[in-house]
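The structure appears right after this line, and notes come after that.
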Amino acid sequence: MQPDQSGIMQQPPQPVLVVNNLSCSRDDRLLFAELSFSLAAGQVLLLEGDNGSGKTSLLRILCGFRTADDGEIRWRGQTLDSGSYYKEMAYVGHADGAKKELTVLENLRFTQALHSQSGYDIDQALIKVELAGFDDNSVQTLSAGQKRRLSLARLLIAGAVLWILDEPFTSLDRRGIALTEALIAAHVRQGGMVMLTSHHDLTLTGLPLQRIHLNSCQ
Amino acid sequence: MSVIPAVVNRFFHQTASPPYFYALAERLAPWLTGVFLLLLAAGLYGGLYLAPSDYQQGESYRIIYIHVPAAWMSLFVYVLMAVMAGIALVWRMKLAEVMLIASAPIGAGFTFIALVTGSLWGKPMWGAWWVWDARLTFELILLFQYLGIVSLYGAIEDRRAAARAVSILALVGVVNVPVIHYSVEWWSTLHQGPTITKLDKPSIHVSMLIPLLLMAVAFKFYYLIAVLQNARLELLKREATSQWVKNLLEKTA
Amino acid sequence: MSISAAFFAIIRRDLLLAFRRRAEAANPLFFFVLVVTLFPLAVGAQPHLLQSMAPGVIWVSALLAALLSLDAMFRSDFDDGSLEQLLLSPYPLTVLVLGKIIAHWLVTGLPLLLVAPLLADFLGLPAQAMGTLWLTLIIATPLLSLIGAVGVALTVGLRRGGMILSLLVLPLYVPVLIFASGAVDRAAGGLAADAQLDILLAMLLAALVLAPLPVSAALKMSVN
Amino acid sequence: MTLRIFLEMGGYGFYVWTAYGVTLLVLLLNILLPVVQRRQLLRQLSLRQKRGQR
């Protein structure tokens, strides 16, 4: 296919993450069935639904922590385990994933060592999440909101394309929420992808936002 | 996949489907029970009545007809569980998981029988209920491995996750089995003098051997009967909300 | 960053953590010393009896100390979400897990090496067996960490996994116990223990290669 | 050979018959328990289904 420079804006963006006919159940209860969607560069996907509707389960399937009952997930045309998926994704879940006895800097250095792609360096990332100057504070001295922002710094350092965020706005104050939204917006404008769940109303104006509503099926 | 002929492949797919397997197990049960009872009767008749008494151990040796087949089965079932664990982990086949779980209590039962009968045999022979004999010690550790599998499965709530955990444990355990066997053997020669070896008889008389083999085969059939009953229960528990169970309930109601 | 950097980063981080929680990290060592002290109190202080029991006492105590320390291997990582981040790393989980096991041994196994000869002397183990005791500890305490890791990885997701952990791990420890204490026993009697040491070494090498596989698989199951 | 001699087993009767008895017990339990449990489960499930239909 010849790339047409003039028509590039009209073409639908090429999907990078494709999810096909995904089903998942927990303890005999069907959470969702035959769920299909795709995500392309520069898109945000917001998962909505009641508690227990399977939002977290879906995100955890995309992380490879859970296996789906049925269906397939492709990243750049390849299965998650065989391709470059884990080099290009990063996840922030309910737990902070930081060691409370270690300092902010020590934690982030470890994150850096675990990832093969290099993103922001640690100083830049800390400035971005407004934690500059906290390098040598041990994590247990941080407030809950600051710990959340530390998790966001991890996303920046990992240099990931796809961000998977499970309730990233919990325990953040208004300023923290604005900061997180700005980070998401900036990431998406640079061609990144974000998948998130949130109870909070997003004010991501001007961004291509997909919404998926998970009903709790009986 | 292309290595496996299509017919075989289809056979496995069909047999592995829960409703088909459930019905098949039901249909097989009376036949298996018949064969088992026949073999058992022949084995017991040969072992307890026809076979002559042992010139050294008198009549007490007749425990051999359950002790030795049970000890064989305790190992056989464990190895079989490891095979099913491999299948469950590689192909994620549900039926293999079910059969693995269903086998564990039966294997534990055989191991328990081997231990108790070994002890009952040992009392008149050694003068003590328990002697740290290599084989008995091995069976004891094997029993712990079985119990570990049963209790790990019971402790994890999510059944799929529990089955995965148990599969991993069974595979690690089966690697451990020969190492334990060898080490215990070495240990018992180190710490005590030679004991009466019960199995290493250079030759066993044919009239004793035939009932022994009959009992061994009978125990294999028993395993099949028991494992199928256990597997049916496990399948029902897992698939309680599925359509085939609903159909089954409507049919019986 | 490369895979070896990630491997060493894990060891470095876990050692740093152990240093920050040093009060907690010293517990297995105290436990080891305590259990060894209990034996003379229980069976009496006859030198002959203690001497003949010494290899077994030291090894059973080392085994129990290792068992006690196992739960800490993945517990805090599981609780604070670090384990999830470890699983998402693009590097092979087996290598990262091996790093964690080695760090665990450095923190819990290595100190035993330093105290054990002292305790063995208290129990009256002949001097000619000291070298062998050391060798068995060097070879076999890493084995305890490697084998134990499988058990912890399987039970880390359980709220009360402690009892099950011992039930899973102790049968797997039996061969290590037999060969290690057997080797020391032989050395104490003036016999060569090369065969037992060779077997232990072979088991260690096999476990180094094989153990990370079930551990990784079990961790993936546990985060579910 | 009379039944009594057979049961005595040359003085080892207690050991031999206890061994056979324990074996029989374990083997029976391992078959009967799953069967009983399955019947119970089936009864429960069919009760639940009837309640669901109403």
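The values are calculated or read from the model by the stated rules, or taken from the named source; none is laboratory data. Keep in mind that this is a model prediction, so the values were computed, not measured. Reconstructed Cβ throughout: ideal geometry from the backbone, glycine too, with neighbour counts over all protein chains shown.
Determine the pairs where a residue that is touching a residue at least 40 places away in the same chain (Cβ under 8 Å), located within region B:76-93, has a partner that is in a helix (DSSP H, G or I) and among the charged types (D, E, K, R) with Cβ atoms under 6 Å apart, the partner being 6 or more residues away or on another chain.
B:Ala88/B:Glu97
Mind listing whichever residues of region C:47-82 are surrounded by 24 or more Cβ atoms within 10 Å (Cβ to Cβ) and closer than 30 Å to A:Ala160 by Cβ? Walk me through how you get there before you give the answer.
So in region C:47-82, the residues surrounded by 24 or more Cβ atoms within 10 Å (Cβ to Cβ) come out as C:54-55, C:58-59, C:62-63, C:65-66, C:69-70, C:73-74.
Hits for region C:47-82 are C:Met73, C:Phe74.
Has region C:183-193 got any residue that is of a type in the set (Asp, Glu) and either more than 9 Å from chain B (Cβ to nearest Cβ) or in contact with a strand residue (DSSP E or B) (Cβ under 9 Å, 6 or more places away or on another chain) (or both)?
Pass one, region C:183-193, residues of a type in the set (Asp, Glu): C:185.
If we keep only those that are either more than 9 Å from chain B (Cβ to nearest Cβ) or in contact with a strand residue (DSSP E or B) (Cβ under 9 Å, 6 or more places away or on another chain) (or both) as well, we get none.
Looking for residues that are of a type in the set (Asp, Glu) and either more than 9 Å from chain B (Cβ to nearest Cβ) or in contact with a strand residue (DSSP E or B) (Cβ under 9 Å, 6 or more places away or on another chain) (or both), one finds none in region C:183-193, hence no.
Give the residue, chosen from C:Pro90, C:Pro111, that is touching a Leu at 6+ places or on another chain (Cβ under 6 Å) and of a type outside the set (Lys, Arg).
Values: C:Pro90 fails: touching a Leu at 6+ places or on another chain (Cβ under 6 Å).
From the options C:Pro90, C:Pro111, the qualifying one is C:Pro111.
Among residues belonging to region A:28-49 that are in a loop (DSSP other than H, G, I, E, B) and surrounded by fewer than 21 Cβ atoms within 10 Å (Cβ to Cβ), point out the one that is farthest from the other protein chains (Cβ to nearest Cβ). Give the derivation first.
Our first condition is that a residue be in a loop (DSSP other than H, G, I, E, B); within region A:28-49, this holds for A:28, A:41-43.
Within this subset, residues satisfying the condition of being surrounded by fewer than 21 Cβ atoms within 10 Å (Cβ to Cβ) are A:28, A:41-42.
Values: A:Asp28: 4, A:Ala41: 20, A:Gly42: 23 Å.
Step by step, filter region A:28-49, then rank; the result is A:Gly42.
Name the residues in region A:88-103 that are at pLDDT below 90 and more than 13 Å from the chain's Cα centre (by Cα), would you?
Listed by number, the residues that qualify are A:Ala95, A:Asp96, A:Gly97.
So which of A:Gly83, A:Gly133 is free of Cβ contacts under 8 Å to residues at least 40 places away in the same chain, of a type in the set (Gly, Ala, Ser), surrounded by fewer than 20 Cβ atoms within 10 Å (Cβ to Cβ) and farther than 29 Å from A:Ala182 by Cα? So that I can check it myself, show each step before the final result.
On the way: A:Gly133 fails: farther than 29 Å from A:Ala182 by Cα.
Only one candidate passes the filter, namely A:Gly83.
Pairs only if they're at least six apart or on different chains, beta carbon under 6 angstrom, first in region D:8-37 and at the interface with another protein chain (Cβ under 7 Å from one of its Cβ atoms) and more than 17 Å from B:Gly107 (Cβ to Cβ), second at pLDDT below 90 and outside any helix (DSSP H, G or I); list them, first residue then second.
Pairs that qualify, where the first residue is at the interface with another protein chain (Cβ under 7 Å from one of its Cβ atoms) and more than 17 Å from B:Gly107 (Cβ to Cβ) and the partner is at pLDDT below 90 and outside any helix (DSSP H, G or I), are D:Gly10/B:Gly58.
Going by the structure shown, is B:Phe11 without any contact (Cβ under 8 Å) to a residue 60 or more places away in the chain, out of contact with any strand residue (DSSP E or B) (no Cβ under 8 Å at 6 or more places or on another chain) and part of a helix (DSSP H, G or I)?
Taking the combined requirement at face value, the residue satisfies it.
Residues in region C:134-164 that are touching a residue at least 12 places away in the same chain (Cβ under 8 Å) and over 15 Å from the mean Cα position of the chain (by Cα): how many? Can you show your working first?
Filtering region C:134-164 for residues touching a residue at least 12 places away in the same chain (Cβ under 8 Å) gives C:134-157, C:161-162.
Checking which are over 15 Å from the mean Cα position of the chain (by Cα) leaves us with C:154-157, C:161-162.
Adding up the residues that qualify gives 6.
Being polar (S, T, N, Q) and either surrounded by fewer than 24 Cβ atoms within 10 Å (Cβ to Cβ) or closer than 17 Å to D:Leu29 by Cα (or both) is the filter here, so list the residues in region B:118-150 that pass it. Quick ask: steps written out before the conclusion?
To start, the set of residues in region B:118-150 that are polar (S, T, N, Q) comprises B:119, B:137, B:145.
If the condition is that a residue be polar (S, T, N, Q) and either surrounded by fewer than 24 Cβ atoms within 10 Å (Cβ to Cβ) or closer than 17 Å to D:Leu29 by Cα (or both), then B:Ser119, B:Thr137 are the ones that fit.
State the number of residues belonging to chain D that are buried (at least 17 other Cβ atoms within 10 Å of the Cβ) and outside any helix (DSSP H, G or I).
Count: 1.
What number of residues within region C:41-92 are under 30 Å from A:Gly159 (Cα atoms) and not hydrophobic (A, V, I, L, M, F, W, C)? Let's see the steps before the verdict.
To start, the set of residues in region C:41-92 that are under 30 Å from A:Gly159 (Cα atoms) comprises C:73-92.
Imposing the further condition that a residue be not hydrophobic (A, V, I, L, M, F, W, C) reduces the set to C:75-77, C:79-82, C:84-85, C:89-92.
Total satisfying the criteria: 13.
Kindly check whether there is at least one residue in region C:168-183 that is at pLDDT 95 or above and under 23 Å from C:Arg13 (Cα atoms).
For region C:168-183, residues at pLDDT 95 or above and under 23 Å from C:Arg13 (Cα atoms): absent.
Residues are listed down the side, and each one gets a yes or a no for (1) assigned to a helix (DSSP H, G or I); (2) touching a Pro at 6+ places or on another chain (Cβ under 9 Å); (3) among the polar types (S, T, N, Q):
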residue	(1), (2), (3)
B:Tyr78	yes, no, no
B:Met81	yes, no, no
B:Ser103	yes, no, yes
B:Gly118	yes, no, no
B:Met125	yes, no, no
B:Trp130	no, no, no
B:Arg135	yes, no, no
B:Glu139	yes, no, no
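Would you say B:Ser188 is buried (at least 19 other Cβ atoms within 10 Å of the Cβ) and farther than 22 Å from B:Ala82 by Cα? Spell out how you get there, then give the answer.
On the way: buried (at least 19 other Cβ atoms within 10 Å of the Cβ): yes; farther than 22 Å from B:Ala82 by Cα: yes.
Spelling it out, B:Ser188 is indeed buried (at least 19 other Cβ atoms within 10 Å of the Cβ) and farther than 22 Å from B:Ala82 by Cα.
Determine which single condition A:Ser25 fails, assuming it passes every other condition in (1) of a type in the set (Gly, Ala, Ser); (2) surrounded by fewer than 16 Cβ atoms within 10 Å (Cβ to Cβ); (3) under 28 Å from B:Arg159 (Cβ atoms).
Exception for A:Ser25: condition (2).
Can you tell me which residue in region A:78-111 is farthest from the other protein chains (Cβ to nearest Cβ), limited to those that are of a type in the set (A, V, I, L, M, F, W, C) and assigned to a loop (DSSP other than H, G, I, E, B)?
Quick first cut of region A:78-111, residues of a type in the set (A, V, I, L, M, F, W, C) only: A:80, A:89-90, A:92, A:95, A:98, A:102, A:104-105, A:108, A:110.
Filter once more, keeping what is assigned to a loop (DSSP other than H, G, I, E, B): A:80, A:95, A:98, A:102.
Details: A:Leu80: 11, A:Ala95: 3, A:Ala98: 7, A:Leu102: 7 Å.
Among those that are of a type in the set (A, V, I, L, M, F, W, C) and assigned to a loop (DSSP other than H, G, I, E, B), it is A:Leu80.
Just one of (1) touching a strand residue (DSSP E or B) at 6+ places or on another chain (Cβ under 8 Å); (2) within 24 Å of A:Asn107 (Cα to Cα) trips up A:Ala182, so point out which.
(1)
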